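The values are calculated or read from the model by the stated rules, or taken from the named source; none is laboratory data. Since we're looking at a predicted model, the values are computed, not measured. Every residue, glycine among them, receives a Cβ derived from its backbone with ideal geometry; neighbour counts consider all protein chains shown. Side chains included, ligands, DNA and RNA excluded: accessible areas come from the protein's heavy atoms. Shrake-Rupley method; radii C 1.70, N 1.55, O 1.52, S 1.80 Å.
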Amino acid sequence: MRLLALVVLASTLFVLFRFTERYLGTMYQVIIGWGSLSLFVVLYKLKNSQKPPARIFLIVIAAFITLRYFIWRTTDTLLYTGIYDLLGMSLLYIAEIYTVTIHFLGMFINIWPLHSETPPLPDDESKLPTVDVFIPTYTEHIEIVRITVTAALQIAYPKEKFKIHILDDGSTIARRNNPATADAAWERHFALKSLARELGVNYLTRENNGHAKAGNINHGLANTQGELILTLDCDHVPTRDILNNTVGFFLRDEKLFLAQTPHFFINPTPVEKNVVANVNISGENDMFYRVIHRGLNSWNASFYCGSAAVIRRSHLESIGGISGKTITEDAETSFLLHAKGFNSVYVNRPMVCGLSPETFDDYIIQRTRWAQGMIQLFIKHNPLFEKGLSWGQRLCYFNSCFFWFFGLSRLVFYIAPATFIILGMRVYHASITQILAYALPHVFATFFLMDFLYGKVRRPFFSEIYESVQSLFLIPAVISVIFNPDKPSFKITPKGTRLEKDALNPLAMLFFIVVLVNLAAMPIAVSKWFSFPMYRDVIIITTAWCSFNILLALMSLGTFWEMKQVRQHHRIMAKGQVSVLFKRNNETIEGRMLDVSLTGLSVAIKPSFALGPHEDVIIEATDSYGESYAFPAVIRRHRNTVNGYLCGAEFACHKENYGQIVRFVYGDGKRWMDLWNENIRSKGSPKILLNLLKRGVKGCYGCLIMLTKAGKRRVNAITLTQTAMSIKLTFPVVKRYIIRPVDIVRGISPRPERT
């Protein structure tokens with residue numbers, strides 16, 4: 001059915017385009033462009049528009065609008081007006097080719113998303129496969145590991161059928177023998193061995209840290225025997241039903257190598273803290289796990305994401321274990337197993353909760369690793385030509401790799417309009433009428449299609465912000481991989497970092513520069529409006545484009561305000577009734593739970609008496625499995641509301657009830673499903689964007705202060721660290737592959753290298 005849908009899609013697009021371009025003039029093209037857009041908007045508002053065949057028809061309309069724009073752009077606007085103009089025009093056109101390609105690949109992947117129903121487990125427990133639970137760890141805090149191991153021990157699966165293993169890569173023999181790391185490594189070694197002994201799980205370490213996380217997991221494979229492997233990052237706390245909802249797929253399909261589940265985060269990324277306040281869900285990841293991965297699942301292209309996944313040992317060992325040729329070893333492993341004809345499945349149900357990076361530095365480290373690893377995969381195993389993959393899998397993997405070049409295209413879009421206004425480079429040749437006929441319908445159709453495909457999990461325009469804040473920092477990393485695919489090394493993402501106060505991250509400086517460049521073009525555009533009346537159409541276009549760039553850069557800059565995080569454990573939004581027993585008068589009050597964490601919960605109650613400063617209570621609750629809990633607690637704070645009191649209670653946590661607290665807070669899978677199924681796209685997008693804009697303006701002032709201080713001290717090494725790293729990574733590449741060849745062509749001999 002999917003193949004037939006694609007054939008119909010391609011044929012319809014071809015016929016529509018050939019007819020409209022051959023027989024109709026420009027004014028008719030205006031009508032066709034906006035008429036097609038209006039038809040799309042009307043249809044996607046219909047109740048059943050998300051279901052085939054209406055879904056396919058809508059995608060056909062959007063694809064037609066984009067295709068007609070791109071062919072017009074190719075045939076009518078690429079005019080030679082000089083060598084420098086050609087260079088700028090070519091860069092802009094290549095950037096547009098990239099964005100249109102990604103746009104069409106997104107349509108392809110999401111044309112018919114697949115939801116896989118969980119098969120039940122057999123009643124006979126002897127038929128269940130054995131499972132090894134791997135919890136790899138490096139230098140994370142011991143308490144983070146303790147929580148995950150404690151929750152893993154409570155997984156609902158026959159105890160004789162699964163074993164838990166702490167894979168400690170922070171205390172390898174090499175690290176213990178290295179004077180620079182010996183003290184911390186030995187301390188960690190004894191602490192984790194003691195934790196493993198206390199909880200009754202296995203502890204494994206190895207001689208060295210070869211191949212990073214891939215090598216750590218492979219060492220675990222070599223020392224265990226379970227038929228299936230459940231991998232959990234040490235901050236990914238599992239629910240009790242994670243094996244009940246995944247193991248059945250392996251019993252149903254012998255060729256299945258992977259059951260991947262969503263990565264679900266209880267804290268927002270640094271960008272999310274500014275974009276969407278007071279939520280526990282990282283919307284940036286939601287788009288991938290809620291929508292895109294279901295699309296990958298329909299093409300049998302769901303890939304291993306490093307954690308929250310179950311893998312079949314025999315199939316994994318058939319390729320020598322987790323692959324380590326790239327630093328995204330998880331996706332590479334799936335790629336090789338798919339190429340061998342094995343299958344994967346995506347289980348659209350959150351069954352772990354983890355931690356997102358807290359600081360922008362950690363956030364960029366994580367995204368840089370993803371970008372470099374996927375581009376390594378693109379270079380070392382070109383998905384389009386790999387034997388054994390279906391065409392659907394080829395295009396899905398190609399999209400996953402090709403996507404990470406977005407930083408390069410984003411940079412071109414940031415500077416393209418300013419090059420015309422400031423430098424006079426003619427990079428885009430079009431009239432206002434043509435823009436109305438082709439470009440604007442394409443822009444709006446893209447906007448509405450993104451809302452159609454991803455609107456339930458992401459607000460319109462926020463994808464632009466998410467990509468923008470990463471783009472400039474990924475460029476040097478991407479370029480370095482292109483010219484040296486073996487250079488990148490695995491860098492672990494720090495988790496659980498605390499921030500004592502709000503502060504503007506120095507990385508905002510690059511976006512301040514973008515604002516200044518586009519802002520400088522505005523008065524020049526006004527001057528050229530009067531000096532060059534023949535170019536007024538292009539001046540209007542580029543000025544509007546610069547204005548958009550300024551707004552986008554300002555809102556991106558606004559996300560660089562890092563919000564303080566001093567809590568040891570993040571609050572999790574939660575629902576449910578609880579009973580609060582006050583010890584002073586032995587009275588029980590029914591209450592409504594609002595949020596919960598490992599240290600306590602918030603509850604709304606309406607007692608018949610006034611509360612004191614500290615009240616000793618016992619909180620009784622029941623989870624979705626019907627299990628009852630009773631936790632001694634102290635109400636540390638409270639405030640009056642219209643309907644009673646809003647109280648913050650702290651658990652009296654001790655060794656005997658620690659496991660029960662972990663079980664209640666993290667083990668209830670329904671809690672994550674409730675959050676997962678809620679429409680997190682709350683109203684008020686304009687208000688949020690305006691808030692970001694205000695933060696961006698405030699950030700510009702902060703950048704000016706940074707520059708002033710840097711000028712007084714000549715060089716502020718701390719403030720400009722990231723910029724210096726970018727220059728250091730990029731300049732050798734530019735010097736070797738751009739400057740020197742250009743000098744040779746111009747007849748300039750390069751300077752001799754120093755010996």
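Scan the stretch 127-149 for residues that are open to solvent by 10 Å² or more (accessible area, probe 1.4 Å) and part of a helix (DSSP H, G or I) and the total you get is 6.
Across the stretch 150-197, the number of residues qualifying as touching a residue at least 24 places away in the same chain (Cβ under 8 Å), under 21 Å from Lys213 (Cβ atoms) and either part of a helix (DSSP H, G or I) or in contact with a Leu (Cβ under 9 Å, 6 or more places away or on another chain) (or both) comes to 18. Among the residues of the stretch 170-194, those that are buried (at least 19 other Cβ atoms within 10 Å of the Cβ) and out of contact with any helix residue (DSSP H, G or I) (no Cβ under 6 Å at 6 or more places or on another chain) comprise Thr172, Arg188, His189, Leu192. Each residue in the stretch 420-453 was checked for being open to solvent by less than 20 Å² (accessible area, probe 1.4 Å) and either of a type outside the set (A, V, I, L, M) or part of a loop (DSSP other than H, G, I, E, B) (or both), and 6 pass. Scan the stretch 21-28 and tell me whether some residue there is within 19 Å of Met107 (Cβ to Cβ), modelled with pLDDT under 90 and surrounded by 12 or more Cβ atoms within 10 Å (Cβ to Cβ). For the stretch 21-28, residues within 19 Å of Met107 (Cβ to Cβ), modelled with pLDDT under 90 and surrounded by 12 or more Cβ atoms within 10 Å (Cβ to Cβ): absent.
Table: residues versus (1) at pLDDT 75 or above; (2) surrounded by fewer than 18 Cβ atoms within 10 Å (Cβ to Cβ).
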{"position": "Phe462", "(1), (2)": "yes, no"}
{"position": "Val469", "(1), (2)": "yes, no"}
{"position": "Leu472", "(1), (2)": "yes, no"}
{"position": "Ala477", "(1), (2)": "yes, no"}
{"position": "Ile482", "(1), (2)": "yes, yes"}
{"position": "Asp486", "(1), (2)": "yes, yes"}
{"position": "Phe490", "(1), (2)": "no, no"}
{"position": "Met509", "(1), (2)": "yes, no"}
{"position": "Met522", "(1), (2)": "yes, yes"}
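Every condition in (1) in contact with a Gly (Cβ under 8 Å, 6 or more places away or on another chain); (2) open to solvent by less than 10 Å² (accessible area, probe 1.4 Å); (3) of a type outside the set (Gly, Ala, Ser) holds for Pro357 except the one numbered (1).
Every listed requirement among (1) over 17 Å from Val247 (Cα atoms); (2) buried (at least 20 other Cβ atoms within 10 Å of the Cβ) is met by Lys325 save one, (2). Taken together, the criteria exclude Thr99 from residues that are surrounded by 21 or more Cβ atoms within 10 Å (Cβ to Cβ) and modelled with pLDDT of 95 or more. Would you say Phe162 is over 23 Å from Lys655 (Cα atoms) and aromatic (Phe, Trp, Tyr)? Spelling it out, Phe162 is indeed over 23 Å from Lys655 (Cα atoms) and aromatic (Phe, Trp, Tyr).
Is it the case that Val634 is more than 36 Å from the chain's Cα centre (by Cα) and loosely packed, with under 14 Cβ neighbours inside 10 Å? Spelling it out, it is not the case that Val634 is more than 36 Å from the chain's Cα centre (by Cα) and loosely packed, with under 14 Cβ neighbours inside 10 Å.
For the stretch 295-322, filtering for residues that are within 22 Å of the chain's Cα centre (by Cα) and surrounded by 20 or more Cβ atoms within 10 Å (Cβ to Cβ) leaves 15. Candidates are the residues of the stretch 246-264 that are part of a loop (DSSP other than H, G, I, E, B) and surrounded by 20 or more Cβ atoms within 10 Å (Cβ to Cβ); the one that is modelled with the lowest pLDDT is Phe264.
All of Leu611, Leu601 fail the test of being in contact with a strand residue (DSSP E or B) (Cβ under 7 Å, 6 or more places away or on another chain), open to solvent by less than 40 Å² (accessible area, probe 1.4 Å) and in a loop (DSSP other than H, G, I, E, B), apart from Leu611. The set of residues in the stretch 382-393 being surrounded by fewer than 19 Cβ atoms within 10 Å (Cβ to Cβ) and either under 22 Å from Ser298 (Cβ atoms) or not basic (Lys, Arg) (or both) consists of Asn382, Leu384, Phe385, Glu386, Gly388, Ser390, Trp391, Gly392.
Residues that are β-branched (Val, Ile, Thr) and either touching an Asp or Glu at 6+ places or on another chain (Cβ under 9 Å) or closer than 20 Å to His569 by Cα (or both) within the stretch 592-625 comprise Val596, Thr599, Val603, Ile605, Ile619, listed in sequence order. Quick check on the stretch 551-559. Is at least one of its residues of a type in the set (Val, Ile, Thr) and either open to solvent by less than 50 Å² (accessible area, probe 1.4 Å) or touching a strand residue (DSSP E or B) at 6+ places or on another chain (Cβ under 8 Å) (or both)? For the stretch 551-559, residues of a type in the set (Val, Ile, Thr) and either open to solvent by less than 50 Å² (accessible area, probe 1.4 Å) or touching a strand residue (DSSP E or B) at 6+ places or on another chain (Cβ under 8 Å) (or both): present. Only residues that are β-branched (Val, Ile, Thr) and either modelled with pLDDT of 95 or more or surrounded by fewer than 18 Cβ atoms within 10 Å (Cβ to Cβ) (or both) were counted in the stretch 581-598, giving 1.
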